[in-house]
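Worksheet: one structure, shown below.
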Amino acid sequence: MFKKEAFTGELKAKTDKSLESLRKDLGRVRTGRASLALLDGVRVNYYGAPTPLTQVASLSIPDARTIAIQPWDSKVAGEIEKAIQKSDLGLTR
């Protein structure tokens, strides 16, 4: 027989994991409004190491259709542009 507590805990853990995955997927849905979640998977080649975009630049949304990216190191701006183009998100300048 199953122990009710063990089964409930395992079910809750799996449900929480599924819900978190759904939240991430829904955050990436293209709705015509800018969303920083679109850039979550973008990795920048930062001194030879793939680094999340959020760790090399400040990200903001100044208006509904614009995402502003301010690199902390100006030398990495080209790498950020390459990473966004490689990501195949369909974003333009």
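Computed from the coordinates by the stated procedures, all read-outs in this text should not be read as laboratory data. Not measured: the values here are computed from a predicted model. In this analysis, Cβ positions are derived from the backbone assuming ideal geometry, glycine residues included, and neighbour counts consider all displayed protein chains.
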How far apart, in nm, are two points set 7 Å out from the Cα along the Cα-to-Cβ line at residue 65 and at residue 12?
4.6
For segment 32-93: rounded, prolate or oblate by the Cα gyration tensor [a/c cutoff 1.5]
prolate
Determine the gain in length on full extension of the stretch residue 75-residue 91; use 0.36 nm per residue of separation and subtract their C-alpha separation, reporting nm with one decimal.
3.6 nm
Give the long-range amide H neighbours of residue 34: residues separated by 5 or more places, or on another chain, with amide H under 5 Å away, using H modelled in the peptide plane at 1.01 Å from N.
65, 66
